[in-house]
Each structure stands twice: as C-alpha cells, then as structure tokens.
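**Q** One structure follows; several queries about it will come next.
What follows draws every value from the coordinates through simple rules; no lab data is involved. Keep in mind that this is a model prediction, so the values were computed, not measured. When we count neighbours, we look across all protein chains shown, and the Cβ atoms used for this are built from the backbone with ideal geometry, even at glycine.
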Amino acid sequence: MPSSDTLDRPRSLWVCALIGIGLMAAVDEIVFHQILAWHHFYDRSTGDIALMSDGLLHAAELVILVAGFFLFADLRRKDALAPRSAWAGLLLGLGGFQLFDGIINHKVLRLHQVRYDVDTLPYDLAWNGAGLALLLVGVVLALRSRG
C-alpha cells in the first residue's frame with residue numbers, strides 16, 4: 001500500500017474525470033443513439049450527417065477512454081493513485097458530461113434533444129437531474145479526499 005505522501009490526488013482526480021467523460025459519452029452513444037435511437041449527436045441536418053456525427057462522437061469517446069486508461073495505468077505503476085480522489089474524479093466526469101450535454105448541447109446549441117415527439121420536460125429533468133446528482137456526489141467526495 002503506498003503511503004499518503006506518494007499519492008497524487010489532483011492527478012488521480014483529473015485522470016478519472018477524463019475516464020468518466022469518456023464513459024458517459026459511451027453510455028449516451030450506445031443507449032440513446034444506437035439502442036433506443038432517440039437522437040443523434042447532430043440532428044439538424046440529414047440522416048447521413050446525423051450518423052456521421054455519432055461516429056465522430058464515438059471516435060472521440062474512444063480516444064478519451066484510451067488516453068484516460070493509459071494515464072490511470074501510469075498512476076498505478078507509480079503507486080500514486082489516490083482512490084478517493086479517483087472516485088471523485090470519475091463521478092465529476094460522468095456528471096459533468098451529462099450536464100454539459102443536457103444544458104449546452106440540448107438547450108443552448110440545440111444540437112439534439114433527449115427525445116423527439118414527446119413532452120421533453122420530464123426527460124430534461126431526469127437527464128439533468130441525474131447529471132447534477134453525479135456531479136454533487138463527486139464534489140462531496142473531492143472535498144473529503146483533500147485531507
């Protein structure tokens with residue numbers, strides 16, 4: 001077990017936040033874009049463009065996940081992974097991606113909605129509420145892991 005002096009709390013948090021962003025992008029892409037087919041990353045053009053935008057999102061999430069896990073492995077190799085900070089970062093990344101998608105992509109930029117041809121309010125509340133809950137738990141864990 002590494003001593004608390006060798007743990008890199010800030011890097012553990014940011015590396016795992018990167019992994020959280022990639023994981024939530026993957027969940028969004030797989031579940032909402034492919035399985036449920038509720039939306040595409042960019043729905044304001046043709047079906048071909050929508051499909052291409054999903055492919056670009058998928059490529060980006062894979063690059064983020066691979067980079068994040070390489071950085072994670074480096075932390076482990078150096079015995080510098082701070083577990084509490086890592087969990088905090090993961091939850092911050094998950095929640096941050098979800099809220100960014102729900103507020104910026106859905107409402108500000110209007111790239112797509114959670115779902116079409118329904119009252120979006122319940123979907124928006126669930127989408128953003130889940131993101132906010134993940135983010136808040138991540139913040140609490142991050143604050144607790146500082147000491």
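**Q** Could you give me the ³J(HN,Hα) list for segment 38-55, computed from phi with Karplus coefficients 6.51, -1.76, 1.60 and θ = phi - 60°, whole Hz, x at Gly and Pro?
**A** Per residue, the Karplus-derived 3J(HN,Hα) values read 7, 7, 10, 4, 10, 9, 9, 8, 6, x, 5, 5, 4, 5, 4, 5, 5, x Hz.
**Q** Sticking with this one: Given the rule -39500 (n - 2.57) for each run of at least 4 DSSP H residues, summed and divided by the residues of the chain, what is its mean residue ellipticity at 222 nm, to the nearest 500 deg cm²/dmol? Each step should come with its number before you reach the end.
**A** Working: 4 runs with 94 residues, N = 147.
Computed ellipticity for the chain at 222 nm equals -22500 deg cm²/dmol.
**Q** Which net charge results for the neighbourhood of Ala142, defined as the other residues with beta-carbon distances under 11 angstrom from its beta-carbon, given Lys and Arg at +1 and Asp and Glu at -1? Numbers along the way, then the final one.
**A** Values: positive: Arg9, Arg84, Arg144, Arg146; negative: none.
Around Ala142, the surrounding residues sum to +4.
**Q** Residue-wise, which Karplus ³J(HN,Hα) couplings in Hz belong to segment 122-134, taking 6.51 cos²θ - 1.76 cosθ + 1.60, θ = phi - 60°, and x for glycine or proline?
**A** x, 5, 4, 5, 5, 4, 6, x, 5, x, 5, 4, 4
**Q** For segment 91-127, which trypsin sites (Lys or Arg not before Pro) are both in a DSSP coil and crowded by at most 14 other Cβ atoms within 10 Å? Display every interim value, and only then the final one.
**A** Values: sites: Lys107, Arg110, Arg115; in loops: Arg110, Arg115.
Qualifying residues, ordered by number: Arg110.
**Q** Another one. How large is the direction-averaged shadow of the alpha-carbon convex hull of the chain, in nm²? The partial results should precede the final answer.
**A** Values: hull surface 36.7 nm².
So the mean shadow area of the Cα hull is 9.2 nm².
**Q** Karplus couplings for segment 26-31 from phi (6.51 cos²θ - 1.76 cosθ + 1.60, θ = phi - 60°), rounded to Hz, Gly and Pro as x?
**A** With coefficients 6.51, -1.76 and 1.60, one gets 5, 4, 4, 4, 6, 6 Hz.
**Q** Please list, by residue number, every one of the trypsin sites (Lys or Arg not before Pro) in segment 40-91 that is coil in DSSP and has at most 15 other beta-carbon atoms within 10 Å.
**A** Numbers: sites: Arg44, Arg76, Arg77, Lys78, Arg84; in loops: Arg44, Lys78.
In loop regions of segment 40-91 (DSSP not H, G, I, E or B), the sparsely surrounded trypsin sites (Lys or Arg not before Pro) are Arg44, Lys78.
**Q** How many angstrom lie between the C-alpha centres of segment 118-132 and segment 74-98?
**A** First find each Cα centre; the distance between them is then 26 Å.
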